[in-house]
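Structure first, then comments.
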């Protein structure tokens with residue numbers, strides 16, 4: 001079947017190539033990352049908050065943030081911690097036109113969902129960006145990730161949420177201001193069918209304000225269970 005492999009090399013020229021260092025190894029396949037580069041990405045592990053996956057330094061079930069502020073989603077998960085090389089790669093993904101990194105990140109997200117057996121959803125829903133940002137950047141990074149997950153899990157992607165208002169970048173605001181910044185900026189498109197369980201996809205989880213605002217709309221529309229997934233938190 002060597003001819004089939006050669007066809008794949010033509011159709012998928014980046015196959016077996018690490019997107020970070022550029023090395024080529026047969027074992028890489030569609031993961032797009034070599035062993036050495038993967039070792040530089042800090043994964044979330046150990047004791048994690050059952051609600052938002054924040055690392056805990058004690059044996060509590062929930063972090064102080066989730067105890068102090070009720071979240072509308074059921075749980076949030078991520079393969080990586082938002083620091084070091086991961087932080088740099090996400091910045092490149094969003095701001096340096098390295099849109100192809102969605103394949104690397106998407107593969108890690110799919111692996112985590114399968115590992116946790118979190119694959120039973122009616123739809124995959126990306127967090128939207130404002131149209132002005134879409135014009136400037138050329139793509140919605142969350143939609144690229146959601147599309148990848150949708151394809152590999154065989155589940156529909158539904159662009160159910162619209163971002164009505166342009167807001168200040170969350171990264172420029174304090175934790176408290178982030179919650180106010182996204183209040184009332186989203187709205188839902190009309191649902192063509194009733195959804196019960198959905199996967200909400202974004203790039204980063206920091207305070208959880210954006211995810212929570214989207215989850216509030218989804219829960220108010222009748223959706224019963226919302227799992228959130230991001231590249232990192």
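Among 203, 74, a tally of other beta-carbon atoms within 10 Å of each Cβ gives an order, fewest to most, of 74, 203. For the chain, adding -39500 (n - 2.57) for each run of n ≥ 4 DSSP H residues and dividing by the number of residues yields -10500 deg cm²/dmol at 222 nm. The GNM of the chain, with springs linking C-alpha atoms under 10 angstrom apart, assigns the highest mean-square fluctuation among 207, 136, 167 to 136. Put simply, the C-alpha atoms of region 44-140 give a gyration tensor, and the ellipsoid matching it has half-axes of 27, 16, 16 Å, longest first.
Just the number, please: percent antiparallel of the DSSP beta bridges in the chain, rounded to the nearest 5. Given both bridge residues lie in the chain, the antiparallel proportion sits at roughly 30 percent. Computed across region 128-226, the Kirkwood hydrodynamic radius from all distinct Cα-Cα pairs reaches 14.4 Å.
Over region 175-233, Cα pairs under 8 Å with separation of 6+ residues give a relative contact order of 44 percent. Over every pair of different alpha-carbon atoms in region 66-112, take the mean of 1/r and invert it; report that Kirkwood radius in Å. Taking the inverse mean of 1/r over all distinct Cα pairs, region 66-112 comes out at 12.5 Å. Which one, 218, 144, 112, has the greatest fluctuation when you compute a Gaussian network model over the chain with C-alpha springs under 10 angstrom? Most flexible of the set in this elastic network: 112.
For the chain, taking the reciprocal of the average inverse distance between every pair of different Cα atoms yields a Kirkwood hydrodynamic radius of 18.6 Å. Translational diffusion of region 16-88, estimated by Stokes-Einstein from the Kirkwood radius over alpha carbon pairs at 20 °C in a medium of 1.002 mPa s, is 150 µm² per second.
Springs between alpha-carbon pairs under 10 angstrom, Gaussian network model over the chain: which of 123, 36, 76 fluctuates most? Result for the chain, Cα springs under 10 Å: 36 fluctuates most. Inter-part distance, region 40-112 to region 116-139, computed on C-alpha centroids, equals 16 Å.
Every number in this text was worked out from the coordinates using simple rules, so none of it is lab data. No experiment lies behind these values; they were computed from the predicted model shown. Counting neighbours? That spans all protein chains shown, and the Cβs are built from the backbone with ideal geometry, glycine included.
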